[in-house]
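Peer 1: The structure under discussion is supplied below as structure tokens; questions concerning it will follow.
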Ligand code: SAM
């Protein structure tokens with residue numbers, strides 16, 4: 001007999017377990033696993049997405065931090081397919097090593113919301129071995145990730161994510177789809193890392209610093225926000241107006257500005 005999931009959900013691990021079958025089906029459909037894909041789920045919990053994915057794909061690797069979930073998950077998975085469980089903090093997982101010489105990883109996860117940004121940036125460090133990601137996040141975060149210039153929520157997260165990935169907000173998920181329900185709406189987002197040659201960022205550290213400073217004080221003009229890094233002439237040379245504000249500047253323009261700054265001042 002398999003061991004049941006008896007532990008109550010742990011708040012500090014962001015445990016909100018999905019139970020709404022329609023939503024789970026939509027996630028599996030969005031991932032649409034194909035033969036030969038290497039699927040990795042972050043935070044499988046009690047297997048809400050894991051088992052339906054296994055039924056479709058037969059093999060899956062999961063990364064789960066909560067020790068109490070490991071045995072019941074492993075046992076329950078036997079009826080569905082071949083589950084490889086990595087009992088670890090996802091922030092310590094080296095995705096490049098995990099991918100090895102195999103196919104690029106397809107990541108899936110209803111992420112713990114308290115850790116969603118660190119997880120996103122950790123995964124992006126390994127973007128070269130990731131084919132795509134389907135993540136459930138707070139809707140407000142997904143809206144910021146997918147926002148276009150000029151939108152109220154366009155900011156640092158939008159620029160940093162869109163510089164490295166194609167971002168598509170797929171669908172909204174109401175709190176009632178989870179146990180216990182979170183206080184906020186959620187949404188599923190698809191992220192597809194862009195090819196290195198298409199990204200065109202010469203120095204990722206400088207790019208991140210320009211974006212950080214530009215959005216540091218939202219109401220400042222570029223000229224003032226970036227005063228430590230460059231003068232108005234450099235901003236103009238990158239094709240931008242020094243009196244523009246960061247929320248009006250497109251991702252490609254941030255890339256051009258950071259690259260030009262690098263050419264003018266040498267490596268960071
Ligand atoms: N996938 C399940 C579902 O949809 O019902 C659970 C989702 S729950 C929102 C987040 C999951 O991430 C939990 O199982 C939690 O234990 C796990 N988790 C939290 N922090 C983690 C970490 N640092 N590394 C790996 N897993 C973590």
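Peer 1: Taking only Cα atoms, what is the 0 to 90° angle, nearest 10, from helix 204-214's long axis to the longest principal axis of the chain?
Peer 2: Between the helix axis and the principal axis of the chain, the angle is about 70 degrees.
Peer 1: Residue 117 to residue 12: FRET efficiency via 1/(1 + (r/R0)^6), r the Cβ-Cβ distance, R0 22 Å, to the nearest 0.05? Walk me through the numbers on the way to the answer.
Peer 2: Numbers: r = 17 Å, r/R0 = 0.77.
Working from the Cβ atoms, E equals 0.85.
Peer 1: Moving on. Taking R0 as 41 Å, what's the FRET efficiency between residue 30 and residue 241 from their Cβ-Cβ distance, rounded to 0.05? Spell out each step's value before the answer.
Peer 2: Values: r = 39 Å, r/R0 = 0.96.
The formula returns an efficiency of 0.55 here.
Peer 1: Cut-off 10 angstrom, C-alpha nodes, Gaussian network model of the chain. Which of 256, 78, 190 fluctuates the most?
Peer 2: Per the Cα network of the chain with a 10 Å cutoff, 78 tops the list.
Peer 1: Could I ask something else about it? Ranked highest first by the average count of other Cβ atoms within 10 Å around their residues, in what order do 137-144, 156-163, 14-21, 246-253 fall? Don't skip to the end; give the middle numbers.
Peer 2: Numbers: 137-144: 19.9, 156-163: 22.0, 14-21: 16.5, 246-253: 18.0.
Going by the mean number of other Cβ atoms within 10 Å, highest first, we get 156-163, 137-144, 246-253, 14-21.
Peer 1: In percent, how large is the relative contact order of the range 200-255, given Cα pairs closer than 8 Å and 6 or more residues apart? Could you put the intermediate results ahead of the total?
Peer 2: Details: 51 pairs, mean separation 21.2, N = 56.
For the range 200-255, the relative contact order is 38 percent.
Peer 1: Which value, in Å to one decimal place, does the Kirkwood hydrodynamic radius take for the range 204-265 when every pair of different Cα atoms is included? Mind dumping the intermediate values first?
Peer 2: Details: mean 1/r = 0.0904 Å⁻¹.
It works out to 11.1 Å.
Peer 1: In whole angstrom, how long is each semi-axis of the equivalent ellipsoid of the range 11-199, when you take the square root of 5 times every eigenvalue of its Cα gyration tensor and sort them from largest down? Intermediate values should be presented prior to the final figure.
Peer 2: Values: eigenvalues 122, 82, 45 Å².
Rounded to whole Å, the semi-axes are 25, 20, 15.
Peer 1: Residue 168 to residue 183: extension gain in nm, 0.36 nm per residue of separation minus the Cα-Cα distance?
Peer 2: Values: separation 15, 0.36 × 15 = 5.40 nm, distance 2.34 nm.
Using 0.36 nm per residue and subtracting the Cα-Cα distance, I get 3.1 nm.
Peer 1: Further, regarding this structure: How much length, in nm to one decimal, is gained on full extension between residue 78 and residue 140, taken as 0.36 nm per residue of separation minus their Cα-Cα distance?
Peer 2: On the way: separation 62, 0.36 × 62 = 22.32 nm, distance 3.65 nm.
Length difference between fully extended and current span is 18.7 nm.
Peer 1: Once label points are set 7 Å from the Cα along Cα→Cβ at both residue 3 and residue 233, what is their separation, rounded to one decimal in nm?
Peer 2: 6.9
Peer 1: Turning to a different aspect of this structure: For the chain, what relative contact order do you get, as a whole percent, if you take Cα pairs closer than 8 Å and at least 6 residues apart?
Peer 2: Values: 452 pairs, mean separation 41.6, N = 268.
Reported as a whole number, the value is 16 percent.
Peer 1: Additional query: For the range 190-268 and the range 62-80, write down the distance between their C-alpha centroids in whole Å.
Peer 2: 44
Peer 1: Relative contact order, percent, of the range 61-191 when contacts are C-alpha pairs under 8 Å separated by at least 6 residues? Provide the component values of the computation, followed by the final result.
Peer 2: Details: 176 pairs, mean separation 26.3, N = 131.
Relative contact order, the range 61-191: 20 percent.
Laboratory data are not the source of any read-out in this text; all were calculated from the coordinates shown. Everything quoted here is computed from the prediction, not taken from an experiment. Positions of Cβ are backbone-derived with ideal geometry, glycine not excepted, and every protein chain shown enters the neighbour counts.
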